[in-house]
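As structure tokens, the structure follows; a few thoughts come after it.
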């Protein structure tokens, strides 16, 4: 069965905008402040993957709300609708910002919800929440934290190489591009799992 968190990125490998690629980190700063960069962080102390892995201002709110949701799900079996909606909104914004930061797209991401060639869709649970896996969520995700450390580290290396290749050739090599998309998918599936949007265990897969 398909995982209930779907990340779709419209391919953009050729005819790249070299000027915006050259200044991508600077251009992305407003989004970095709001929704964070490439990596995973949980309340600043527990789990962190990659470099500059803060989740931004909205991400800090989403993490706090996930802590609240941990109690409501474990003890009442319910995920407050407003919290779920905010978290999904944050994740949709984050996928657009990260696709831009990771050189997967050239179109500047919107502030908030709007059409963009990178999208994230979360399927709402159809049955009761799995309180046991929610209770042990942080422990269950440790294997992903370990693997993601190496995946994100490898992506940073390939991203630097790709940055130079795009500047000189105007193209993002297909293999490196697909690795970037896969890293984005894996990262955001784990984040959605940690933010309690889903109970299904994330796959160990770039696809």
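For the reader, a short list of remarks on this structure follows.
- Of all residues making up segment 170-197, the number that are within 29 Å of residue 131 (Cα to Cα), out of contact with any strand residue (DSSP E or B) (no Cβ under 6 Å at 6 or more places or on another chain) and part of a loop (DSSP other than H, G, I, E, B): 2
- Pair list, Cβ under 8 Å, 6 or more apart: segment 71-85 residue touching a residue at least 40 places away in the same chain (Cβ under 8 Å), other residue crowded, with 16+ Cβ neighbours inside 10 Å and not in a helix (DSSP H, G or I): 73/79; 73/129; 73/196; 77/129; 78/129; 79/129; 79/196; 84/197
- Residues of segment 31-56 that turn out to be exposed (fewer than 13 other Cβ atoms within 10 Å of the Cβ) and at pLDDT 90 or above, as a count: 0
- Sole residue being in contact with a helix residue (DSSP H, G or I) (Cβ under 8 Å, 6 or more places away or on another chain), in contact (Cβ under 8 Å) with a residue 60 or more places away in the chain, in a helix (DSSP H, G or I) and surrounded by fewer than 22 Cβ atoms within 10 Å (Cβ to Cβ), chosen from 167, 98: 167
- Of residues in segment 127-164 being closer than 14 Å to residue 13 by Cα and touching a residue at least 40 places away in the same chain (Cβ under 8 Å), the one surrounded by the most Cβ atoms within 10 Å (Cβ to Cβ): 162
- Residue check for residue 178: closer than 20 Å to residue 118 by Cβ, free of Cβ contacts under 8 Å to residues at least 60 places away in the same chain, more than 14 Å from the chain's Cα centre (by Cα) and surrounded by fewer than 21 Cβ atoms within 10 Å (Cβ to Cβ): yes
- Residue match in segment 71-80 (condition: under 23 Å from residue 154 (Cα atoms) and modelled with pLDDT of 95 or more): no
- Only residues that are surrounded by fewer than 20 Cβ atoms within 10 Å (Cβ to Cβ) and under 21 Å from residue 1 (Cα atoms) were counted across segment 101-121, and they come to 2.
- Only listed residue being buried (at least 16 other Cβ atoms within 10 Å of the Cβ), modelled with pLDDT of 95 or more and in a helix (DSSP H, G or I), chosen from 19, 65: 65
The values are calculated or read from the model by the stated rules, or taken from the named source; none is laboratory data. Note that this is a predicted model, so its numbers are computed, not measured. Note: ideal-geometry Cβ built from the backbone for every residue, glycine included; neighbour counts use all protein chains shown.
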